[in-house]
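A.B. asks: Take this structure, written in structure tokens, and hold onto it; I'll ask about it next.
The values are calculated or read from the model by the stated rules, or taken from the named source; none is laboratory data. Since we're looking at a predicted model, the values are computed, not measured. Reconstructed Cβ throughout: ideal geometry from the backbone, glycine too, with neighbour counts over all protein chains shown. Just the protein is used for accessible areas: all its heavy atoms, side chains included, with ligands, DNA and RNA removed. Shrake-Rupley method; radii C 1.70, N 1.55, O 1.52, S 1.80 Å.
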Amino acid sequence: MRKKKDILVLVETSTLNGRNMLEGIAKFAREQDWEIEFEQRGIHDPLPSWFYQWQGSGIISRTVTQKNADLLRAKGLPTVELAGNGSSRQFDVAVDDMLLARMAFDHLRERGFHRFACYAFGHAWWAEAKLDAFVQVVRSQGFSCERITPDGRKGKKSAEWHVPQWDDSEQEKLERWLKRLPRPIGIFAVTDRHAKRVLDACHRFGISVPEEIAVLGTENDQWFCRTLDLPLSSIDVNGQRVGYEAAQMLHRMMHRKGFKPTRILIPPAFVAARRSTDAVAVEDPDIAQAMRFIRENVSRRIGVEDVVEHVGLSRRTLERRFLQSLGRSPYDDIQRVRMEWAKELLRETDLTAVAIARTVGVSSSRYLARIFAEQNGISMNKYRLIYSRRDQGRSGD
């Protein structure tokens, strides 16, 4: 009988993203008949006491300190890293920050925002990398981006992944920073918990969300995002695929002598749109009115002529001003809203295709399935299978 591979997995169970990675690793492990060694842990926890006596075949870790990285390396086993510390210990598999930034920009831009900012508390290298990517994407599209930290300085990047101290002075700095920002503006935050700090500061300072400031988080911790007073829009970072690809890479390392892995960047999955970005932020009042009409009435199978009648403009004028404000046509916006809604219903409900088509204002489920596949490159059933998050439990702090 072939001996099972004994794999050590040092990935935090305290966050939804970590548990998603574990699920992806577990899926590959079942396919390969691996034995996995892991325990409940946080990302900053020390290595388990039994690590020093453990003998196995390979390691998958999210290691954020040089001390732990050195201890893992001393084992001399094939190891795949999912975090790193920004210094000598770099990651092997992770979400693609540039694609994440582009998804964040597109989501905010589709809602009409032409002012942008990004926020992270502290100066850890991984947060700075996400901020850098967002600024780069925004500027490449011809817009400017506020990318100062709350105290008005960039600060020194930290190679270690630590939890900075949050206190009243930091809260006040954040509020002052938000007050200085031009509005309306869309803010991208590097995690959902960073986004919550922005939401809390806006609430204390009397800033309207999402009308004045729209806030988009990262990681899509559903329990966390939905239970906030104002539900938070967030980007799902595809943790299950990150975990699966990491396990697949470890498999190659263990079975191919001399195999040297190359870094794999995983595309984020989708934006889960909730109330924190549910805004229309265009300066043309007629186009803003048209966008609101579309979002509020798309289920009635409206067309461009209905929008024309509602705003009192000619079709040619409406289309020209839509293009000037948003870079797309009224018809494109109707289809965009329908597809966003259909994706949300596929991810978060058990509604049939027929019911979804009726809900989003499409004449038939067959037609919806066709345009969904054309626009997304994937069938509705496949999308639901991959991206449904209804079975995920609550996240730890």
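A.B. asks: Out of the stretch 74-88, which residues are in contact with a Ser or Thr (Cβ under 9 Å, 6 or more places away or on another chain), in a loop (DSSP other than H, G, I, E, B) and either at positive phi or open to solvent by less than 30 Å² (accessible area, probe 1.4 Å) (or both)?
C.D. replies: Leu82, Ala83, Gly84, Asn85, Gly86 - these are the residues of the stretch 74-88 that are in contact with a Ser or Thr (Cβ under 9 Å, 6 or more places away or on another chain), in a loop (DSSP other than H, G, I, E, B) and either at positive phi or open to solvent by less than 30 Å² (accessible area, probe 1.4 Å) (or both).
A.B. asks: Tally the residues that are farther than 24 Å from Arg73 by Cβ and open to solvent by less than 80 Å² (accessible area, probe 1.4 Å), restricting the search to the stretch 33-54.
C.D. replies: 1
A.B. asks: Let me ask another. In the list Glu296, Glu283, which residue meets the criterion of being assigned to a loop (DSSP other than H, G, I, E, B), open to solvent by 70 Å² or more (accessible area, probe 1.4 Å), among the acidic types (Asp, Glu) and within 30 Å of Leu232 (Cβ to Cβ)?
C.D. replies: Answer to the check: Glu283.
A.B. asks: For the stretch 42-60, which positions are part of a loop (DSSP other than H, G, I, E, B) and either on the phi > 0 side of the Ramachandran plot or not aliphatic (A, V, I, L, M) (or both)?
C.D. replies: The answer is Gly42, His44, Asp45, Pro46, Pro48, Gln53, Trp54, Gln55, Gly56, Ser57.
A.B. asks: Scanning for something under 30 Å from Val271 (Cβ atoms) and crowded, with 21+ Cβ neighbours inside 10 Å, does the stretch 64-73 turn up at least one residue?
C.D. replies: yes
A.B. asks: Filter the stretch 175-184 for residues that are open to solvent by less than 50 Å² (accessible area, probe 1.4 Å) and modelled with pLDDT under 90 and give the result.
C.D. replies: Within the stretch 175-184, Glu175 is the sole residue that qualifies.
A.B. asks: Further, regarding this structure: Within the stretch 43-57, can you find the residues that are small (Gly, Ala, Ser) and in contact (Cβ under 8 Å) with a residue 40 or more places away in the chain?
C.D. replies: Correct list: Gly56, Ser57.
A.B. asks: Conditions: (1) modelled with pLDDT of 90 or more; (2) open to solvent by 40 Å² or more (accessible area, probe 1.4 Å); (3) basic (Lys, Arg); (4) under 22 Å from Leu178 (Cα atoms). Arg274 meets all but one. Number of the miss?
C.D. replies: With respect to (1) modelled with pLDDT of 90 or more; (2) open to solvent by 40 Å² or more (accessible area, probe 1.4 Å); (3) basic (Lys, Arg); (4) under 22 Å from Leu178 (Cα atoms), Arg274 is out only on (2).
A.B. asks: Looking at the structure I just gave you, is Ala104 closer than 18 Å to Asn238 by Cα, part of a strand (DSSP E or B) and within 14 Å of the chain's Cα centre (by Cα)?
C.D. replies: Criteria not met by Ala104.
A.B. asks: If you don't mind, there's one more thing I want to ask. Restricting to the stretch 331-345, what's the tally of residues that are touching a helix residue (DSSP H, G or I) at 6+ places or on another chain (Cβ under 7 Å), open to solvent by less than 70 Å² (accessible area, probe 1.4 Å) and either more than 20 Å from Leu108 (Cβ to Cβ) or among the acidic types (Asp, Glu) (or both)?
C.D. replies: Result for the stretch 331-345: 3.
A.B. asks: Turning to a different aspect of this structure: When only residues in the stretch 235-271 that are among the small types (Gly, Ala, Ser) and within 27 Å of Ala104 (Cβ to Cβ) count, which is modelled with the lowest pLDDT?
C.D. replies: Out of the qualifying residues, it is Ala269.
A.B. asks: Is there a residue being closer than 15 Å to Glu110 by Cβ and open to solvent by 50 Å² or more (accessible area, probe 1.4 Å) anywhere in the stretch 308-326?
C.D. replies: Within the stretch 308-326, one or more residues are closer than 15 Å to Glu110 by Cβ and open to solvent by 50 Å² or more (accessible area, probe 1.4 Å).
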